[in-house]
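> Can you read through this structure? Questions will come right after.
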Amino acid sequence: MILSPMRYKSYTWPHNPRVYSIDYQRVMAVHKVPFGGYQLQDLGLTRRVMKGEGEFSGEGAYDEFKKLACVFYEVGPGLLVHPLWQVANTYFAALRLEQAPRPDYVRYSFEFWEESGTYSGVVTRATQPAQGEEGAAAVQAADQASFHRVVKGDTLWALSKRYGVKLADLIALNPQIKNPNLIYVGQEVRVG
């Protein structure tokens, strides 16, 4: 099975990292009850943490690591597209060089934290009515969204090329698609 390459913001891995893990976390509290008992309280889900390890090898390996490090320094969250995980809006939380770099070999580890979207500031028409001419134009544009019905052989990448939409934008337009590597015949995909 050939997997598509992992991507984050503007960076695409030349080959996928060799080790990945996802930590699903839930916050729990323990309340002491007199005479040796206790009560557990579920405080809810918290972030998912996506970790991995990989290496770059061959000519330009350290230059490739530097490209990844430049993406680490970018501010704000971005879409992490993994060949097996569902797409997530994440922060690049950690990047670690695991040994002294050589020009032809670099071993590294990384960590991404999922962004909850709770404070994203997204306002929908339902929560804030449009006002004035600009608002009316925005409502009209939203009402004229274009969709594509998936046929056998379609991929999001191919649809992005066909309709001239960046792949990251296409993924953002379709939050119902949990895994961008998996779309189904008959499914409607928003393309504009």
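The values are calculated or read from the model by the stated rules, or taken from the named source; none is laboratory data. Every value quoted in this text rests on a predicted model; they were computed, and no experiment measured them. Using ideal geometry, Cβ is built from the backbone for each residue, glycine included, and neighbour counts are taken over all protein chains shown. Only protein heavy atoms, including side chains, enter the accessible area calculation; ligands, DNA and RNA are left aside. Shrake-Rupley method; radii C 1.70, N 1.55, O 1.52, S 1.80 Å.
> Carbon and sulfur: what percent of the stretch 6-76's accessible surface (1.4 Å probe)?
It is 55 percent, rounded to a whole number.
> Another question, if that's okay. Straight-line reach from Lys166: which lysines have Cα under 16 Å away, leaving out those fewer than 8 places along the same chain?
Cross-link targets: Lys9.
> Another question, if that's okay. How high is the FRET efficiency between Arg149 and Lys66 when r is their beta carbon distance and R₀ equals 35 Å, given to the nearest 0.05?
Working from the Cβ atoms, E equals 0.25.
> Give the long-range amide H neighbours of Ala94: residues separated by 5 or more places, or on another chain, with amide H under 5 Å away, using H modelled in the peptide plane at 1.01 Å from N.
Glu111
> Next up: Mind listing the phi-derived Karplus ³J(HN,Hα) values for the stretch 53-62, rounded to whole Hz, using 6.51, -1.76 and 1.60 with θ = phi - 60°, and x for any glycine or proline?
The phi angles translate into 9, x, 8, 10, 9, x, 4, x, 4, 5 Hz.
> Could I ask something else about it? Report D for the stretch 1-122 in µm² per second (integer): Stokes-Einstein, Kirkwood Rh on Cα pairs, 10 °C, 1.306 mPa s. Let's see the in-between values first.
Working: Rh = 16.5 Å.
Once the numbers are plugged in, D ends up at 96 µm²/s.
> From the Cα gyration tensor of the stretch 142-192, with a ≥ b ≥ c the square roots of its eigenvalues, which class applies: rounded if a/c is under 1.5, or else prolate if a/b is larger than b/c, or else oblate?
The shape class here is rounded.
> Once fully extended, how much extra length lies between Gln41 and Tyr105, figured as 0.36 nm per residue of separation less the alpha-carbon to alpha-carbon distance? Don't jump to the answer; show the numbers that get you there.
Values: separation 64, 0.36 × 64 = 23.04 nm, distance 4.75 nm.
Contour length minus Cα-Cα distance gives 18.3 nm.
> Also, I was wondering about something else. Return the subset of Lys67/Lys178; Lys66/Lys178; Lys51/Lys178; Lys51/Lys161 for which the Cα-Cα distance in this structure is over 22 Å, preserving the input order. Mind showing how you got there, number by number?
Working: Lys67/Lys178 28 Å; Lys66/Lys178 30 Å; Lys51/Lys178 19 Å; Lys51/Lys161 31 Å.
Over 22 Å Cα-Cα: Lys67/Lys178; Lys66/Lys178; Lys51/Lys161.
> A follow-up question, please. Any chance you could run the full-extension gain for Arg96 through Ile2? It's 0.36 nm times the residue separation minus the Cα-Cα distance, nm to one decimal.
Going from the current span to full extension adds 31.1 nm.
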